[in-house]
Amino acid sequence: MTEPTTLQVKVASQILAAIQSGELAPGSHLKEVELAERFGVSRSPIRGALIYLATKELVGRLPHQGFCVLEAALSVGLDKVSLPVGEDEELYQRLIDDRLAQALPDQVMESDLLRRYGASKAVLRRCLLRLSDEGVMQRKHGHGWMFLPTLSSAEKRFESYRFRMLLEPAGLLEPTFKLPRERLQRCREKQQALLEGTPDSLSFFEANAEFHELLALASGNSFILQTVQQQNRLRRLTEFHTVSNLERVKTSCREHLQIIDALEQGDREWASNLLYQHLKLASTLNEVRKKS
């Protein structure tokens, strides 16, 4: 296969982690649609991730049915699926930074980007496809690419928080709510580890996104889950590489743990209230940053 993209390898590592945690048992059929919903991406990076894992002999190919989990995936180290670094990642970061700095227009041509960054066509195309998979860009009809609306301004981030305040707490009160206790326990362990350590930006963002998506999944309402996943994709651009206040990160982890405590005690109304206050505080801090 061709060199996998960073997103494909990231998804591959998530699939491998799910296998080793017991969520995906050896011999089980790996369905692209279900994995795409679980990890909040389109089917394209899922397919690339499965092909990548197949080259590592961690998943097997099924005749006319896709892929299945192999026993070998249970014992291999997670570093077996390592993220590629180099030209692709560097260009990806430059594209994000230039877009957030408004140095790139809403619509761009590949030829213009090639001249601006001096990258090869193959590297640029992989970066554009990755941004497309993440819901940041889309190919225009005809020629060129177009950036999709993101949370690149304080006003848009505030709107996002207000929207989430309406949606996410309500998800905990859905009649279809079912607490995934094993996954919630693993989520608790991650939050506790972040609280006790010095988290980097990416690890905090991923753990934070996983927490909110897990609560949305527990709601049993697929529309709530899809919406929260979309919000996380939008937030990734502006938040995943910036942890400006370590104490706020610690406070956020404590708030997450309080919500988990309430859910495990069966008090969904209190958990819903805590989640609302958690999002409200985050929206208030966003307003403070906007005015500073």
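List of remarks:
- In this label model, E34 and L281 are separated by 3.7 nm, measuring between points 7 Å along each Cα→Cβ vector.
- Positive-end residue, the stretch 7-46 charge dipole about Cα centroid, Cβ charges, pick of V9, S42, I19: V9
- Among T176, T227, the order of accessible area from largest down is T176, T227, computed with a 1.4 Å probe on protein heavy atoms.
- Cα-Cα over 31 Å, subset of K156/K250; K56/K156; K10/K250; K31/K178: K56/K156
- Pair E71, A170: separation of 7 Å Cα→Cβ label points (nm): 5.0 nm
- With a 1.4 Å probe rolled over the protein heavy atoms of all chains, the accessible area of H64, H212, H143 falls in the order H64, H143, H212, largest first.
- Heavy-atom accessible area per residue - the chain, 1.4 Å, Å²: 51 Å²
- Each Lys and Arg contributes +1 and each Asp and Glu -1, all at the Cβ; summed about the Cα centre of the chain, the dipole is approximately 620 debye.
- Over the chain, the alpha carbon radius of gyration divided by the compact-protein estimate 2.2 N^0.38 Å works out to 1.04.
- Using the Cβ of V228 as centre and a radius below 9 Å, the other residues enclosed give a net charge of -1, where K and R count +1 and D and E count -1.
- As computed over the stretch 86-193, the Cα convex hull volume per residue (Å³): 183 Å³
- About its Cα centre, the stretch 99-178 has a charge dipole of approximately 340 debye under the convention of +1 per Lys or Arg Cβ and -1 per Asp or Glu Cβ, with nothing else charged.
- Projected label distance in nm at H64 and A101, using a 7 Å step from Cα toward the beta-carbon: 5.4 nm
The values are calculated or read from the model by the stated rules, or taken from the named source; none is laboratory data. Note that the structure is predicted; figures quoted are calculated from it, not measured. When we count neighbours, we look across all protein chains shown, and the Cβ atoms used for this are built from the backbone with ideal geometry, even at glycine. The accessibility values were calculated without ligands, DNA or RNA, using every heavy atom of the protein model including side chains. Shrake-Rupley method; radii C 1.70, N 1.55, O 1.52, S 1.80 Å.
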